[in-house]
Amino acid sequence: MQKSPEQILKSVFGYDKFRPGQREIIQNILDGRDTLAVMPTGGGKSLCYQIPALIFDGITVVVSPLISLMQDQVGALLENGVSAAFLNSTLNLDEYKKTVRDIKSGGAKLLYLSPEALATERVKSILREADVPVSCVTIDEAHCISEWGHDFRPDYMEIAAFRNRFKDAVCLALTATATKQVQEDIVRNLKLKKPAVLVASFNRSNIFLNVQPRTDGLGQIVEFLQEHKEQSGIIYCLSRKEVDSITQELQERGFSAMSYHAGLSDEERADHQNKFIESQVDVIVATVAFGMGINKPDVRFVIHYALPKSIEEYYQEIGRAGRDGLASEALLLYSAGDIHRIRFFFKDKSDDESFKAEKLLQAMIDYAQCRTCRRKFLLNYFGEEYEPSANSSQDQDARDKKALQGQDAAARGGDSLQGQNAAPCCDICESGGLPLKDVTVPAQKFLSCVYRVDQRFGAAHIIDILLGSRNEKIKKFNHNFLSTWGIGTELSKQAWFELADAMQNAGLIERVGEWNIVKVTSLGRDLLQNRDKIELPVRIEFGAQKKAELALPKKKALLRKKADLQDDAATLALFDRLKAWRKKFAEEENVPPYFIFNDKTLIEIANQKPSDARGLLSISGIGELKAKKFGGDIIRIINGE
């Protein structure tokens, strides 16, 4: 008798229930209906095609953009006893021939291919000659087919032609980042037939969203890493130079860190990536080239050393943290200077490309500068309504209230799944929100100074004037003779930048053009002329001290889940023994530790201490094959043998 999706979920993958949206997507695929599924990174997209693949008679073809992602997925499937394979340049001739034989004989249930390989006549002929049909074509990272997506790849445009050769195969397009416009592009460019469009909640409630001004970039990173010792994390930088500099500084301070960027050789990049995946190194400092094919579930933090180019890019990158559902953090260190650096990359783009890039960047700027709940802003960007809970900073064990609910969306030409979560939010909500403070006098000084320089300079220059700087640019334009020169020493430089961001967010000023020239809006002009009181939400401490400073939280409690490790000596010791056993076994099998079990599974074992195989099968992430393969070792470790 054919197994149900629920039976396969438990027996093969070891999970008792589906995550939000998975079951609905799987049913659409089993019913033969083309489907576009938008699910957050770490939301369990892979099971949406892997489970149907084990039910279909034929083969499931998975289009994946990166070799590392193919290898990771296939390796994890093989550990679970699933017949899977890939065809790419890493295979030698004998391995390639064996894989082709497996495909043709029906021995492989899933085949991973790059979009380039998919377009070749050789691959098409292999699939046509197979003893089993192509039952499903899955396109991972489907946003790559949209020019409005953050990672457009022309090779993805050939997928529709492949589908035309295998018309009986159902199509599943998967992505973690797709606005309504990108969704429409995917449906059109893949020629999906009357598709179900299923949009899961974008809310990753276990990821704490934290945005701080970059006042001392390296120092802020060092302080953060000291609070997250021996945890796995990624630091993203805009340039190779920053990657190398920060990596060297961290290594000199004794942190376990390695670099990753295009300037390294293929061998070096592969070595650094593998050491990170296998937990031999804690931190990878990288350009955005790193991480797309990484499925490491225990990444506890992602730091952005500078502003990303778009919210889509930012969302995908922070989604690499906390795939196991445990508490994680996304820290963005933001400086207004990042904007000019990013716009420099737009110079060689066409007018249309520049317009799109500028629109995406502005949304990212608005997110970094927002003064209200960051999670609400982020989810609203993707078209999802969200309201933070009243006690969001205290309710640390909140779960999904409405993880995923179906709605009639005939007007959209498909189905829609939306969700929301009342979990803790971000740095703004944790502090209870930014209070309104009377900034009338410094705001008037800032606005007056903008007028004194004829609205022709950026915020940094305005602030230098207010602080009485004598730098070359100030003297070149004789701005040291302005009436506003040196009248703003009551605020520190970073406090002035905080005020400028708040004024822009409130609509008193705007930054325009390539150089972020500050101009006063009609609202700002009216407030200045009428001498109205100006109150803004700012993180500035006004007190008896000589100079008002930017007030940032020194330490923050991370989210905690009920699945966290129990804080008693016996459980902690057992967890350490389980981790040591996992590491040893992974080294013997030459696979990453999480291929054996992820941290969440080890935590459950340590907490529950099952006494037999039946008890092991109740643990999340332990299916029948792994219980049989590892059960004896685990029970002996639990018993202290």
- Counting only the heavy atoms of the protein chains, how much of Lys180 is accessible to a 1.4 Å probe, in Å² to the nearest 10? 100 Å²
- At 20 °C and 1.002 mPa s, grab the translational diffusion coefficient of the range 1-49 from Stokes-Einstein with a Kirkwood Rh over Cα pairs, rounded to a whole number in µm² per second. 187 µm²/s
- Note on the structure: For the range 46-102 (alpha-carbon point model, no solvent) the Debye-based log₁₀ I(q)/I(0) at q = 0.13, 0.18, 0.20, 0.31 Å⁻¹ works out to -0.34, -0.66, -0.81, -1.45
- Task: Enumerate the calculated ³J(HN,Hα) couplings along the range 374-383 in order (Karplus 6.51 cos²θ - 1.76 cosθ + 1.60, θ = phi - 60°), each rounded to whole Hz, writing x wherever the residue is Gly or Pro.
- Result: 5, 5, 4, 4, 4, 5, 4, 4, 8, x
- For the range 570-641 the translational diffusion coefficient, Stokes-Einstein from a Kirkwood Rh over Cα pairs at 4 °C and viscosity 1.567 mPa s, in µm²/s, is roughly 108 µm²/s
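Using a 1.4 angstrom probe on heavy atoms only, work out the carbon and sulfur share of the accessible area of the chain in %. Kindly include the intermediate steps, with their values, before the conclusion.
Details: 13370 of 27600 Å².
Its accessible area is 48 percent carbon and sulfur atoms.
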- Query: What whole number of Å gives the distance from the Cα centroid of the range 1-17 to the Cα centroid of the range 210-232?
  - Reply: 41 Å
- Message: I'd like the accessible area for Leu91: 1.4 Å probe, protein heavy atoms, all chains in place, Å² to the nearest 10.
- Response: 40 Å²
- Query: Rounded to two decimals, what is Rg over Rh for the range 1-123 when you use alpha-carbon atoms and the Kirkwood radius?
  - Reply: 0.96
- log₁₀ I(q)/I(0) of the range 80-131 at q = 0.29 Å⁻¹, via Debye over equal Cα point scatterers, no solvent, to two decimals? -1.34
- Task: Just the number, please: Stokes-Einstein D of the chain in µm²/s, Kirkwood Rh from C-alpha pairs, 4 °C, 1.567 mPa s.
- Result: 48 µm²/s
- About the Cα centre, charge dipole magnitude for the chain (Lys/Arg +1, Asp/Glu -1 at Cβ), debye: 780 debye
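Mind pulling the per residue volume of the convex hull built on the Cα atoms of the range 458-511? Å³ is fine. Working shown, then result.
Values: hull volume 4.1 nm³, N = 54.
Measuring per residue, one finds 76 Å³ for the Cα hull of the range 458-511.
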- Query: Once the whole set of protein chains is in place, how much accessible area is left on Ser232, using a 1.4 Å probe, in Å² to the nearest 10?
  - Reply: 10 Å²
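How do Tyr381, Tyr314 stack up against each other in accessible area, from largest to smallest, with a 1.4 angstrom probe? All intermediate terms of the calculation are to be shown ahead of the outcome.
On the way: Tyr381 65, Tyr314 0 Å².
Ranked from most to least accessible, the order is Tyr381, Tyr314.
Once R0 is set to 41 Å, what does the formula 1/(1 + (r/R0)^6) return for the Cβ-Cβ distance between Gln7 and Phe355, expressed as a FRET efficiency to the nearest 0.05?
0.20
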- Item | Distance between modelled label sites at Phe542 and Lys628, nm, 7 Å Cα→Cβ extension | 7.2 nm
- Task: Enter the accessible area per residue of the chain (Å², integer; probe 1.4 Å; all protein chains in place).
- Result: 43 Å²
- Query: Scattering from the C-alpha atoms of the range 296-380 alone, worked out with Debye: what is log10 I(q)/I(0) at q = 0.20, 0.25 1/Å?
  - Reply: -0.96, -1.25
- Query: For the range 229-335, taking Cα atoms only, what is the radius of gyration to one decimal and the Dmax to the nearest whole Å?
  - Reply: 12.7, 34
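The values are calculated or read from the model by the stated rules, or taken from the named source; none is laboratory data. Keep in mind the model is a prediction, meaning the values are calculated, not measured. Every residue, glycine as well, gets a Cβ built from its backbone with ideal geometry; the counts of neighbours run over all protein chains shown. We work out accessible area using only protein heavy atoms, side chains counted, and drop any ligands, DNA or RNA first. Shrake-Rupley method; radii C 1.70, N 1.55, O 1.52, S 1.80 Å.
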